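The block underneath contains the structure these notes are about, expressed in structure tokens.
The values are calculated or read from the model by the stated rules, or taken from the named source; none is laboratory data. Source: prediction; values computed, not measured. Methodologically, a virtual Cβ is constructed for each residue, glycine included, from the backbone with ideal geometry; neighbour enumeration extends over all protein chains shown.
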Amino acid sequence: MASTKNAHPRLGTLGSGIVLSLLIATSAYAADERPTHRNNFEITPFAGEMGGGKFEDATTAGDRDVDSDTDYGVIFNVNADSYERQYEFLYARQSTSVQGTVPLDMDIQYLQIGGIVNFTDTSRHVIPYFGLTVGGTRFEPDATGLDSATKLSFTAGGGLKIPITDHIGIRLDARAFVTVLNGSADIFCASGNTGGTCLIKGQSDTFVQYHIGLGVIAGF
């Protein structure tokens, strides 16, 4: 269960982690060299911060913002025809709260498949990349009797890969998660003896969250 809390300390911690990672990577290149080996597969467990997202209260028509909170997951990449182009499989999970008169704890999960392009010739010490994925979003409210919901979603984003050795590196990832909703359709509903009730509606056609994360690449 998640609780409503200020996300700024976590953002500061994440930012410190990113700066520390960059310093480590810089020291690894003190000899002005970088690994030239290219792996066929990469697996990257990550943790980060996810913010954004808004619903509408079905009773009062007021806004119900989703709290910014920690997210975590794993990214798996497989080379397509070369290292420059990779297939990507992504899983991310956030445990958070939806604000309102009565806050609602909720888990949000993303399962995505797509691809990225690694720009290996643009920098000596880092590899920028850009990618797109498509998949599904699973909303799981932590309240008795409320239904979960699964919706179509996609992501767009990019970041940096910083190789440390031939098989280990650091990945900085930033992306937008866009979930397709059916306009103002009711989402989380419960059925009872007196009929069905719904607590939350989609505020628009899309539900958008933003993520920044730090991961460790293991290549093979």
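Here are the numbers for this structure:
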| item | result |
| --- | --- |
| Matching residues in the stretch 97-118 - criterion: being at pLDDT 95 or above and either farther than 15 Å from Ser68 by Cα or crowded, with 20+ Cβ neighbours inside 10 Å (or both) | Ile108, Tyr110, Leu111, Gln112, Ile113, Gly114, Gly115, Ile116, Val117, Asn118 |
| In the stretch 45-87, the residues that are crowded, with 19+ Cβ neighbours inside 10 Å and over 21 Å from Thr150 (Cα atoms) | Phe46, Gly48, Glu49, Asn77, Gln86 |
| Which listed residue, of Glu49, Glu56, is over 18 Å from Ser153 (Cα atoms), within 12 Å of the chain's Cα centre (by Cα) and charged (D, E, K, R) | Glu49 |
| Those residues of the stretch 86-125 which are closer than 18 Å to Gln209 by Cα and β-branched (Val, Ile, Thr), in sequence order | Thr96, Val98, Ile108, Ile113 |
| Odd one out for Pro163 among (1) more than 19 Å from Met50 (Cα to Cα); (2) buried (at least 20 other Cβ atoms within 10 Å of the Cβ); (3) touching a Leu at 6+ places or on another chain (Cβ under 9 Å) | (3) |
| Residue identified as modelled with pLDDT of 95 or more, under 21 Å from Asp67 (Cα atoms) and buried (at least 16 other Cβ atoms within 10 Å of the Cβ) among Thr155, Thr133 | Thr155 |
| Those strands (runs of 3 or more DSSP E) lying entirely in the stretch 52-168 with at least 1 residues in contact with a Ser or Thr (Cβ under 9 Å, 6 or more places away or on another chain) and hydroxyl-bearing (Ser, Thr, Tyr) | 69-82, 85-98, 104-118, 127-141, 149-163 |
| Of all residues in the stretch 39-60 being at pLDDT below 85 and of a type in the set (D, E, K, R), the one that is nearest to Val126 (Cα to Cα) | Glu56 |
